[in-house]
Each structure stands twice: as C-alpha cells, then as structure tokens.
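Below is one structure, written out as structure tokens, with a few remarks after it.
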Amino acid sequence: MKIPGVKGMNDVLPADISRWHEMESVARDVFALYGYREVRTPAVEHAQLFARGVGEATDIVNKEMYVFEDKGEELLALRPEGTAGVVRAFIEHGAYVEGPQKWFYVGPMFRRERPQKGRYRQFHQIGCEAFGIAEPFLDAEQIALLADYFGRLGVRAELKLNSVGDQNCRPAYLADLKAYLTGRKAELCPDCNDRIERNPLRVLDCKVESCQPVLNAAPRLLDRLCEGCRTHLDQVKAGLDALGVAYRVDPRLVRGLDYYVRTAYEFTSDALGSQSAVAGGGRYDRLVETLGGPPTPGIGFALGQERLAMILEKNGRAATVRAPEVFFVTADAEGALEALRRAAELRQAGIACDLDPRGGKMRAQFKQAERVGARHAVVLGGNEVRTGQAKLKDLQTREEKPVALAELASALRRP
Ligand code: AMP
C-alpha cells in the first residue's frame, strides 16, 4: 500500500536542496554580521504558550493550531510560529540578565491552513528577535539586515512600513475603527464581519476585492499616533534613510495583537502571486512581560523559506549539485575493491568521488558517471591494481592521461 505525504506538507528533494542551503548559510553569515546568534527551541511547546504568546483572538491559534493531548497528561501544540518559543527560552534561561540580546532561529512551523500556492501546513521560517532595546534605530537596523539579506540573494522585495501605535494612542483609535466598520458591515465580507469585534485591526489586512473601498476609506491610525509613536516612526524612517533602505509607508499594514506596538513591517514580492508576503515583522514591547518575564522590549521578523525558494527559482537562481570529481569505473572484482579503497582515500582528502558497487558493464558505468555529472572517470581492474597505474579520463574534453594511483589526489587538485 502506498502511503502519501500529509496534505500541505512538502518534501524538498535533493535537486532543490542547494537553494535551501544557500538561504540558510547566507542568513547565518549576514545575521552574524549584525550580532544575531542562533537559538534552537523545540517544535512542540505547551499549547498555552501560543494562546498567550500569539493570542487567542488570532486565526493561527484559534483555528489553525495542531493541538494534542500527550497521553492525557498535558495539552501540547506544534509550534505555529517561532517567536513565542524563543521568548519562552529567553525568559526560562534568564537571558535578560545579560542585557540586550539578538537571537535568530531556523525551522519548521505548523498551521492547519487551507493549502494553496505559498501557503502550507508545514512551512519553514527564518526569524530574528532582538530583546532589550526600545530605541528606533534598532528597528531600522533589523529592517536593514533583512534588506541586506535579500540583496545578497539577488531578491527584489518591496518594504512596507507602518506604526500600529501603543497603549496611549491605539485604544481610542480602535473604538473609532470599530464604530466605522460596524456602520459599513453590510459592505464587508464574512471574515471581516467576524473580526470587527474580535480583532478589528486585522480587518484592515483583508485582501478581498469588494472590501477595499471601505477599508481604504477607514480612519488611519497613522493620523492618530501619539507623540511618542510619531517620533519613533520618524526615527525608524530616518534610520532607514541613513542606511539607504527604500520603503513605502502603508497605513493599512497591521500586526493584529495587543502587545505589538509601533513598528510593523513587511517585505513583499511580485514574484509570489496572491501570497505576496515573504517576510513580516514588528515590535512587541509587551510580549516578554505577557509571558512572565521582566518588562523587556523586543522586535522581530519571520521570513517564509518556501516563498523565498519560489522567488529564487523564478529568478533562475540555479540549484547546484556537488558533482563527484571522479567516478571509478570497475572492470572486475579486484578493481572494485581497489576503487572502494581509493574512493575512501580521496574522500579523506576532501575530494568528492563515487563508484557503483554493482560493477557490471563498463559502458553502463561510464553512462552513470555522466548522469551524476562526474568530471573524471578512472578505470580500475586487476591490471591497474598490479601496475599501480591507471588512466584519468576527462569526461568533458574526452582527454586521457596516465596517473599513478598513489598520486590520484594530487593529480586531481592540480590538473
Ligand atoms: P507570519 O508568521 O504569519 O507573520 O508569517 C511570516 C512569513 O512566513 C510570511 O511572510 C510567509 O512568508 C511565511 N508564512 C506564513 N504562513 C505560511 C504558510 N502557511 N505557508 C508558507 N509560508 C508561510
């Protein structure tokens, strides 16, 4: 019986993996330049962490979270996002005593969404979290890091920036927004109607065409920011200008949770179609406290690796395969044993090589050498074993030259 993979959960095959390696290795290199260090937290946490850390009013927790009872003992969840777990670890290990910290993570996340292009049930995120600094230049630096990262991967993404205010200016605005949306209920989609009471800011996020006129005309928090939030936003913009990072202020960009304050940002790409966001971030100055830590400001983002992989592929960024330098073609059992030994020797010297332990027809082995992209072939049989001499064949130029088996590694290094 054939058992298929789980719906919305994908395999990344060897032919594509180099793009994933590149995404991750460039992230590690770039993030290190900005002082971010990697943290690894479990894929499973107490369900309650996300209820509090992401918010019960959100779809992510409310509708999409994979929750299970662990043998009747406790309610656990597959993490739907990375921030809550990272903040938990930050608090649990008392990392705040060391002062400001910049951490990043890479890993799978799980949301039971309706699968479509760019939206999966298991997906992967790379994310950064910076703790302990409330000043706006940190926001600008983190956004610039992400722009820098995309730049190094040759990805063009548009940066949208907004402020979602804070506890001083947001409550009065929310009351006005709710009143406005309630008055225009009939013109809004069912999802919007559902969110007016629960999470009115999120209504502004709706992409349904028929809702746009109402939402575009809605009161804007950007016009109602308090002095502190206004100055913060101005400073983030000044920082981005100083760093040469282009942005567009989008008054409808939101993060729909209470502990998100001030800076909200998103990178989108035309290459993605309807799920155009490749990364999203924001400041969450009250989250550490909400999860039981000391008051500690924070700001973070997460980028979706599947979406970034789609952009890289669309850009024609080739997935590269490390092809063997040498493929040993064996003529007989003696040659096969010698090939096994010589391959081990080359691998110790850091030279990729391969052979087919089934042996068989030499012509088929040469074909296989070409299929795996080997640069050279060396034929080994009893004769070569006895003389210690073989022929090194360049599979591209078809040239052959004699080589002493003992000198194979150096011959390959200095062709
Ligand atoms: P979020 O955690 O919802 O702010 O999402 C941050 C980024 O993760 C998005 O910009 C997407 O690139 C990616 N992402 C979120 N949800 C999914 C999903 N279901 N499938 C694939 N990528 C996702």
If I filter the range 135-154 down to residues being open to solvent by less than 40 Å² (accessible area, probe 1.4 Å) and touching a His at 6+ places or on another chain (Cβ under 9 Å), which single residue comes out as nearest to residue 280 (Cα to Cα)? 139
Kindly establish whether residue 68 is open to solvent by less than 50 Å² (accessible area, probe 1.4 Å) and not charged (D, E, K, R). no
Does residue 41 qualify as being open to solvent by less than 40 Å² (accessible area, probe 1.4 Å), closer than 29 Å to residue 269 by Cβ and within 12 Å of the ligand (Cβ to nearest atom)? no
Per the list (1) surrounded by fewer than 16 Cβ atoms within 10 Å (Cβ to Cβ); (2) touching a Pro at 6+ places or on another chain (Cβ under 8 Å), residue check on residue 177 breaks on (1)
Failed condition for residue 109, given (1) hydrophobic (A, V, I, L, M, F, W, C); (2) within 25 Å of residue 198 (Cβ to Cβ); (3) modelled with pLDDT of 95 or more; (4) more than 15 Å from the chain's Cα centre (by Cα): (4)
For the range 282-297, which residues satisfy the criterion of being open to solvent by 40 Å² or more (accessible area, probe 1.4 Å) and β-branched (Val, Ile, Thr)? 290
What do you reckon, is residue 172 in a helix (DSSP H, G or I) and surrounded by fewer than 17 Cβ atoms within 10 Å (Cβ to Cβ)? yes
Pick from the range 266-287, criterion outside any strand (DSSP E or B) and closer than 23 Å to residue 138 by Cβ, ranking: nearest to the ligand (Cβ to nearest atom): 284
Only listed residue being more than 30 Å from residue 196 (Cβ to Cβ) and either of a type outside the set (A, V, I, L, M) or without any contact (Cβ under 8 Å) to a residue 12 or more places away in the chain (or both), chosen from 79, 28, 52: 28
Of the conditions (1) over 15 Å from the mean Cα position of the chain (by Cα); (2) at pLDDT 95 or above, the single one that residue 25 does not satisfy is (1)
Just to be sure I understand the filter: pairs with C-beta atoms under 6 Å, separated by 6 or more residues or on different chains, first member in the range 112-135 and more than 20 Å from residue 23 (Cα to Cα), second member more than 10 Å from the ligand (Cβ to nearest atom) and in a strand (DSSP E or B). Which pairs pass? 130/102; 130/299; 131/101; 131/298
Filtered residue count, the range 314-354, keeping only those that are among the charged types (D, E, K, R) and in contact (Cβ under 8 Å) with a residue 60 or more places away in the chain: 5
Complete set of residues in the range 44-62 that are open to solvent by 40 Å² or more (accessible area, probe 1.4 Å) and among the polar types (S, T, N, Q): 48, 62
Surrounded by fewer than 21 Cβ atoms within 10 Å (Cβ to Cβ) and within 13 Å of the ligand (Cβ to nearest atom): which single residue out of 101, 116 fits that description? 116
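The values are calculated or read from the model by the stated rules, or taken from the named source; none is laboratory data. Since we're looking at a predicted model, the values are computed, not measured. A quick note on method: Cβ atoms are made from the backbone with ideal geometry, for glycine too, and the neighbour counts reach across all protein chains shown. The protein model used for the area step is the full one, side chains on, heavy atoms only, and it has no ligands, DNA or RNA in it. Shrake-Rupley method; radii C 1.70, N 1.55, O 1.52, S 1.80 Å.
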